[in-house]
Amino acid sequence: MQIKILLVEDQKLMRIGIKSLFSDYPELSIIGEAVNGKEAVEKAKLIKPDIILMDIGLPDISGIDACKQILEYNNNIKVIMLTSHISDSELTSSLCAGASAYVIKDISTDFLMSVIKMVKEGAMWIDPHVVPFIRDKNSVIPSRQLSRSAFKEHHSNLTQREYEVLKLVVDGQSNSQIAKTLTISEHTAKAHVCNIIQKLVVDDRTQAAVKALKEGLV
């Protein structure tokens, strides 16, 4: 079954470019377009897409406000926020509005398609480029260094190796990159990530990274 997508973007050239990229992915279908936030809200109610690719910087109401209005009407729709720059305040506002993903527009085509599929299945995703920036800004998710004793007190169920893997997950590394960094097999890296997700009681690696930053684990 095709994933039905509503594309919300005020720049015509950008819309044409995104539509051309989707032509190589028959499992995804752009069933509607909107050029501003109000139109996005109206079309979301009318055509009921599975996914909305929502530009944040729209000419009337922002993509964030449109996202909030759409999800208040139908929370089964998943919204992926698209932005051309990194902003900690926009990320926070997007997540608070109910967005499922926050994506920088220079993302590769294949990766964007993967994010769309993950979000359709219920996952959340934050562009890996954003997390270190937020940590460095010390604003949205403040970075606190725990002592070894404090770490053990608060998360004694994580092994030291899992802690090392968690730090690499926060930095946006894939399983293959983690394996290379720690000189372990990709299978072992994947197993560590799965254990971390279970122990932190989250649904995926993105939520694990966010929780780690919020609680000062890294």
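The values are calculated or read from the model by the stated rules, or taken from the named source; none is laboratory data. Since we're looking at a predicted model, the values are computed, not measured. Note: ideal-geometry Cβ built from the backbone for every residue, glycine included; neighbour counts use all protein chains shown. For the accessible areas, the whole protein counts, side chains as well, though only heavy atoms, and no ligand, DNA or RNA atoms are used. Shrake-Rupley method; radii C 1.70, N 1.55, O 1.52, S 1.80 Å.
Only one residue in LYS45, LYS78, LYS38, LYS117 is surrounded by fewer than 20 Cβ atoms within 10 Å (Cβ to Cβ), closer than 24 Å to ILE197 by Cα and either in contact with a helix residue (DSSP H, G or I) (Cβ under 9 Å, 6 or more places away or on another chain) or not aliphatic (A, V, I, L, M) (or both). Which one? Spell out the reasoning first.
Values: LYS45 fails: closer than 24 Å to ILE197 by Cα; LYS78 fails: surrounded by fewer than 20 Cβ atoms within 10 Å (Cβ to Cβ); LYS38 fails: closer than 24 Å to ILE197 by Cα.
Criteria check complete, one pass: LYS117.
Answer yes or no: is there a residue in segment 12-23 that is touching a helix residue (DSSP H, G or I) at 6+ places or on another chain (Cβ under 8 Å) and part of a loop (DSSP other than H, G, I, E, B). Explain how you work it out, then say what you get.
Taking segment 12-23 as the starting set, the residues that turn out to be touching a helix residue (DSSP H, G or I) at 6+ places or on another chain (Cβ under 8 Å) are 21.
Next, only the ones that are part of a loop (DSSP other than H, G, I, E, B) stay: none.
No - not one qualifying residue is present in segment 12-23.
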Within the set of pairs 6+ apart or on separate chains, which have a first residue in segment 179-204 that is under 21 Å from MET118 (Cβ atoms) and touching a residue at least 24 places away in the same chain (Cβ under 8 Å), a second that is open to solvent by less than 100 Å² (accessible area, probe 1.4 Å) and part of a loop (DSSP other than H, G, I, E, B), and C-beta atoms under 6 Å apart?
-> ASP204/ALA123
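Would you check if THR109 is of a type in the set (S, T, N, Q), in contact (Cβ under 8 Å) with a residue 60 or more places away in the chain and open to solvent by 30 Å² or more (accessible area, probe 1.4 Å)? Reasoning before the result, please.
Working: of a type in the set (S, T, N, Q): yes; in contact (Cβ under 8 Å) with a residue 60 or more places away in the chain: yes; open to solvent by 30 Å² or more (accessible area, probe 1.4 Å): yes.
So THR109 passes the test.
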Single unsatisfied condition, THR206 versus (1) open to solvent by 50 Å² or more (accessible area, probe 1.4 Å); (2) modelled with pLDDT under 85; (3) of a type outside the set (Asp, Glu) = (1)
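So in segment 162-181, with the set limited to residues that are among the hydroxyl-bearing types (Ser, Thr, Tyr) and not in a loop (DSSP other than H, G, I, E, B), which one is least open to solvent (accessible area, probe 1.4 Å)? Can you show your working first?
Initially, segment 162-181 is screened for residues among the hydroxyl-bearing types (Ser, Thr, Tyr), giving 163, 174, 176, 181.
Adding the requirement that they be not in a loop (DSSP other than H, G, I, E, B) leaves 163, 176, 181.
Details: TYR163: 31, SER176: 57, THR181: 76 Å².
Among them, the one singled out is TYR163.
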